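Comments concern the structure below.
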Amino acid sequence: MSTLLTRAQVHGSVAMTTAVQTLTAFAVAIPSVLAIVAAPDLGMPPARVGILVSIFFCAAIVSGLLSGSMSRRFGPIATLRLCVLLIAVALGVAAGAHVVLVIAFAILAGIAHGVVNPVSSQVLSQAVPPRQRSFMFSIKQTGVPMGSAVAGLLLPPLLLLVSWQQAMVFLALGSLTLLLALRPFYSLFDSERDAGASIMFSGVRESFAEIAGNPRVLQLVLAATAFAFVQLAVTTFLIIYLHAELEYSLVAAGAVFSAMSVASVFGRVFWGWLADRTGKPRRVLAGLGFLMGACCLAGGLFSNAWPSWSVTLIAMIWGGSAVAWNGVFLAEIARLAPPGKVAGMTSSVQAVFFTGSLVGAPLFGAIADSVGSFGPCYLVLALLPVSFGIALLRSSFVAARDLSAGG
């Protein structure tokens with residue numbers, strides 16, 4: 001389809017999918033930002049926000065596996081429209097300020113978030129020329145840190161004016177405006193939908209078999225699972241870490257969180273450009289593993305003696321690595337997927353690496369709660385991305401050597 005679209009339509013498709021990604025990422029960032037003020041009203045300690053994140057990703061895993069059949073039946077753009085509506089409903093439900101309703105928020109928002117990646121990958125694989133995919137996929141993935149940045153910048157000041165429950169209502173109404181941005185794309189991508197298609201886990205077993213049977217894909221997926229663990233350990237608990245242990249105000253902690261998120265936006269674009277420019281996405285991912293491991297070590301050593309500028313700088317580098325690997329990874333998965341199976345392969349891959357998020361947030365929070373500090377946990381966590389960075393780098397050199405010998 002890329003040959004049938006104008007440059008403006010291609011760029012518009014990237015912008016549209018990025019906007020939807022930003023909205024769902026904004027929703028998942030809300031518990032991390034509001035944990036300090038909302039937890040007392042819900043009768044739970046702030047560190048338990050990891051459980052909410054786990055529920056979110058559990059729902060995302062299930063919905064992601066259904067996304068391929070949903071896209072076939074409704075069309076990818078109509079499916080993304082459903083995601084926007086689910087986020088609006090989820091935000092409205094959370095305003096009820098009861099733990100059951102907050103769990104419902106996590107489930108609804110998780111369903112929306114799980115669908116966005118596979119369906120967006122389907123849209124972009126059709127719209128974007130192969131030589132630009134790492135870059136364009138990375139631009140789309142900037143929606144994740146942009147959503148976090150908006151949450152960190154918008155919510156703390158908003159809470160000075162209204163209660164967190166009222167803020168949820170305002171955000172629910174505001175999110176509905178995104179539906180207008182989706183309208184021009186129906187005719188481009190939804191013309192081939194099958195209204196009689198069933199919503200089911202079709203092709204999931206075959207996709208998992210293809211992942212397990214391809215060592216290069218399997219290694220990427222395992223590395224992504226580790227990276228997702230690190231990403232959630234950082235994005236879920238950084239504000240709590242800064243506020244509870246380093247005595248930052250909620251506004252100051254939110255500003256550091258937003259700086260980290262903004263840095264990851266630029267990081268995703270840069271790493272996507274570098275992967276396309278060098279033609280070595282696996283080595284780029286390996287380098288990101290080393291960089292996020294170094295940041296885990298530095299973050300684990302944070303103390304009140306550190307000046308705020310140095311904490312912010314480390315947080316920005318952390319965001320530029322631990323929150324910036326996804327676009328390169330998804331573009332590589334789209335490249336390795338069999339023809340016509342990008343959405344199915346992406347949803348199955350997503351189900352695997354989302355387990356890093358599913359397990360990572362509550363496990364990391366529980367360990368930090370038992371130890372009494374986040375610092376030592378980050379120090380140990382550094383081993384995980386570094387180990388996979390070594391494995392990816394080694395396999396990249398082996399593949400290059402085999403290619404050279406075969407050529």
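Details
- The residues in the range 47-77 that are closer than 15 Å to LEU232 by Cα, at pLDDT below 75 and not hydrophobic (A, V, I, L, M, F, W, C) can be counted, and the count is 2.
- Filter result for the condition that a residue is at pLDDT 90 or above, under 30 Å from ALA366 (Cα atoms) and either crowded, with 23+ Cβ neighbours inside 10 Å or among the basic types (Lys, Arg) (or both), over ALA109, ALA94: ALA109
- Residue count for the range 76-121, restricted to those that are over 17 Å from the mean Cα position of the chain (by Cα) and in a helix (DSSP H, G or I): 22
- Just one of (1) β-branched (Val, Ile, Thr); (2) modelled with pLDDT under 80; (3) surrounded by fewer than 24 Cβ atoms within 10 Å (Cβ to Cβ) fails for ILE314. It is (2).
- Complete set of residues in the range 263-313 that are within 21 Å of SER387 (Cβ to Cβ), of a type in the set (A, V, I, L, M, F, W, C) and over 20 Å from the mean Cα position of the chain (by Cα): ALA294, LEU297, ALA298, LEU301
- In the range 215-257, the residues that are outside any helix (DSSP H, G or I) and either buried (at least 24 other Cβ atoms within 10 Å of the Cβ) or acidic (Asp, Glu) (or both): GLU245, GLU247
- Every residue from the range 388-407 that is modelled with pLDDT of 70 or more and either hydrophobic (A, V, I, L, M, F, W, C) or surrounded by 14 or more Cβ atoms within 10 Å (Cβ to Cβ) (or both): PHE388, GLY389, ILE390, ALA391, LEU392, LEU393, SER395, SER396, PHE397
- Of residues in the range 172-214 being in contact with a Lys or Arg (Cβ under 8 Å, 6 or more places away or on another chain) and either at pLDDT 80 or above or polar (S, T, N, Q) (or both), the one surrounded by the most Cβ atoms within 10 Å (Cβ to Cβ): SER207
The values are calculated or read from the model by the stated rules, or taken from the named source; none is laboratory data. Just so it is clear, the structure is predicted and the values come from calculations on it, not from any experiment. Every residue, glycine among them, receives a Cβ derived from its backbone with ideal geometry; neighbour counts consider all protein chains shown.
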